[in-house]
Amino acid sequence: MKHLFVLLLMCLAVSSVSAQQQDISIAAKAYMLSDFQTGQALAGQNVHDRIEPASLTKLMTAYVVFSAIKQNQLSLNQNIPVSESAWKMIGSRMFIEPTKQVTVDELLRGMIVQSGNDACIALAEAVAGSETNFSNLMNKEAGRLGMKNTHFTNSTGLPDPNLYTTAHDLTILAVAIIRDFPEFYRLYSQKEYTYNNITQPNRNRLLWLDPHVDGMKTGWTKTAGYCLITSAIRDKRRLISVVIGAQSANARSMESQRLLNYGFQFYDTLHLYKKYDSLTTIHLWKGTQNELKAGFDRDVYFTLPKGPADKLKATMEYKQPLIAPIQLGQEVGTVKFTLDDKTVEAYPLVALEKVETTNVFGRAWDSVKLLFN
């Protein structure tokens, strides 16, 4: 038998200002706005349409290199040889030369701040021996991260008919970099970098215009248009915007700014429950105790339109009879969160304690009681 009851969420720290969810229109081929903490999408259009990533490709190039450093395959101070293919690479460059030593750290800044295609090739060859081998690593990581509609053929983002992704998948990648490599993410806020006596600015104009913005990456080709992935943090909330195919460099900045402002103005992120806090007790049969504490094995956050908190409800479902033994962390039910009668999310309800089976007399007595329950 399934038992259900409703938990009223009474103490949510939300704004007292009532605000209706507003529509927003962004001048771009595709866009997506999401909350970093919850992963919830707040706005979007054509988020699963296949698009050309241009230099946004370099986010995955960076992710693979960061992984190699973390696994001690490379070190930041390691000198990297500059091949002829890296030296002669077309497009944006950091101007490395075969006759000058360059370190992994310098190449990372050249790739991230200056968007250097030559830096990408040098790093790809250092990690995998060739850009082709490196592209295979990029696709492997994309699959592991759940980027289901993405395929990489190079490390730079130069046009290729088999190089594609989506706004949704790029959001996954941006979140992964911030989450998995916070020690390297700070590079995306660097406003300029000088190498070989050449100073180049970061192309992300929002680093100058909005003090809350701390990354991430621009992209452009004639066929892709102007693209920008941006991350900003205000009042401990981080939002990530992806804008694809804007009409100009100025437009991609302004549309990204509008998208971020929309998310911060009209939404709140709520911390509803803490990891391992006892949410309820469930009657337990044939155990050394009759009640089992249950809760969540993670912090539970939601991003919701600002307004009355009592619109969000949680419905708990669990099976009875629940019979010992019970292991710590064992799933014993489900909690579904609904807003205006629509399911927002569901989380497993888990045992917060381990309970062994009672003695033979206790088990026999509970068996008798279950016959009449």
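The values are calculated or read from the model by the stated rules, or taken from the named source; none is laboratory data. Bear in mind the structure is a predicted one, so any value in this text is a computation, not a measurement. Methodologically, a virtual Cβ is constructed for each residue, glycine included, from the backbone with ideal geometry; neighbour enumeration extends over all protein chains shown. We work out accessible area using only protein heavy atoms, side chains counted, and drop any ligands, DNA or RNA first. Shrake-Rupley method; radii C 1.70, N 1.55, O 1.52, S 1.80 Å.
Here is how the numbers come out for the structure above:
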{"read-out": "Among (1) at pLDDT 50 or above; (2) in a loop (DSSP other than H, G, I, E, B) - the single one residue 11 does not satisfy", "value": "(1)"}
{"read-out": "Hits in region 246-269 - residues which are open to solvent by less than 70 Å² (accessible area, probe 1.4 Å) and either touching a helix residue (DSSP H, G or I) at 6+ places or on another chain (Cβ under 8 Å) or without any contact (Cβ under 8 Å) to a residue 60 or more places away in the chain (or both)", "value": "246, 248, 249, 253, 256, 257, 261, 264"}
{"read-out": "Single condition residue 171 does not satisfy, out of (1) open to solvent by 40 Å² or more (accessible area, probe 1.4 Å); (2) of a type outside the set (A, V, I, L, M, F, W, C); (3) within 27 Å of residue 270 (Cβ to Cβ); (4) part of a helix (DSSP H, G or I)", "value": "(1)"}
{"read-out": "Tally of residues being in contact with a strand residue (DSSP E or B) (Cβ under 7 Å, 6 or more places away or on another chain), open to solvent by less than 80 Å² (accessible area, probe 1.4 Å) and either among the aromatic types (Phe, Trp, Tyr) or in a loop (DSSP other than H, G, I, E, B) (or both) across region 178-225", "value": "8"}
{"read-out": "Residue selected from region 288-301 under the condition out of contact with any Asp or Glu (no Cβ under 6 Å at 6 or more places or on another chain) and open to solvent by less than 10 Å² (accessible area, probe 1.4 Å), by the criterion farthest from residue 320 (Cα to Cα)", "value": "300"}
{"read-out": "Identity of the residue in region 309-344, in contact (Cβ under 8 Å) with a residue 40 or more places away in the chain and among the basic types (Lys, Arg), that ends up most open to solvent (accessible area, probe 1.4 Å)", "value": "319"}
{"read-out": "Tabulated pairs, region 193-220, first basic (Lys, Arg), second part of a strand (DSSP E or B), C-beta under 6 angstrom, 6+ apart or interchain", "value": "203/218; 217/229"}
{"read-out": "Filter result (in contact with a Phe, Trp or Tyr (Cβ under 6 Å, 6 or more places away or on another chain) and more than 19 Å from residue 110 (Cβ to Cβ)) within region 211-228", "value": "226"}
{"read-out": "Residues (open to solvent by less than 10 Å² (accessible area, probe 1.4 Å) and not in a helix (DSSP H, G or I)) located in region 81-133", "value": "94, 96, 102, 113, 114, 115, 116"}
{"read-out": "Residue list for region 48-80, restricted to those being of a type in the set (A, V, I, L, M) and part of a loop (DSSP other than H, G, I, E, B)", "value": "74, 76"}
{"read-out": "Number of positions in region 323-366 that are small (Gly, Ala, Ser) and over 18 Å from residue 290 (Cβ atoms)", "value": "2"}
{"read-out": "Checklist (1) touching a Gly at 6+ places or on another chain (Cβ under 8 Å); (2) open to solvent by 70 Å² or more (accessible area, probe 1.4 Å); (3) at pLDDT below 90; (4) not acidic (Asp, Glu) applied to residue 276, failing item", "value": "(3)"}
{"read-out": "Selection status of residue 165, in contact with a strand residue (DSSP E or B) (Cβ under 8 Å, 6 or more places away or on another chain), open to solvent by 40 Å² or more (accessible area, probe 1.4 Å) and either at pLDDT 95 or above or not acidic (Asp, Glu) (or both)", "value": "no"}
{"read-out": "Checklist (1) under 24 Å from residue 235 (Cβ atoms); (2) in contact with an Asp or Glu (Cβ under 8 Å, 6 or more places away or on another chain); (3) not β-branched (Val, Ile, Thr) applied to residue 206, failing item", "value": "(2)"}
{"read-out": "Residue in region 43-60 that is crowded, with 20+ Cβ neighbours inside 10 Å, among the basic types (Lys, Arg) and more than 21 Å from residue 337 (Cβ to Cβ) present", "value": "yes"}
{"read-out": "Exclusive hit being over 20 Å from residue 90 (Cβ atoms), free of Cβ contacts under 8 Å to residues at least 60 places away in the same chain and acidic (Asp, Glu), set 118, 169", "value": "169"}
{"read-out": "Hits in region 140-154 (condition: assigned to a loop (DSSP other than H, G, I, E, B), open to solvent by 50 Å² or more (accessible area, probe 1.4 Å) and without any contact (Cβ under 8 Å) to a residue 40 or more places away in the chain)", "value": "148"}
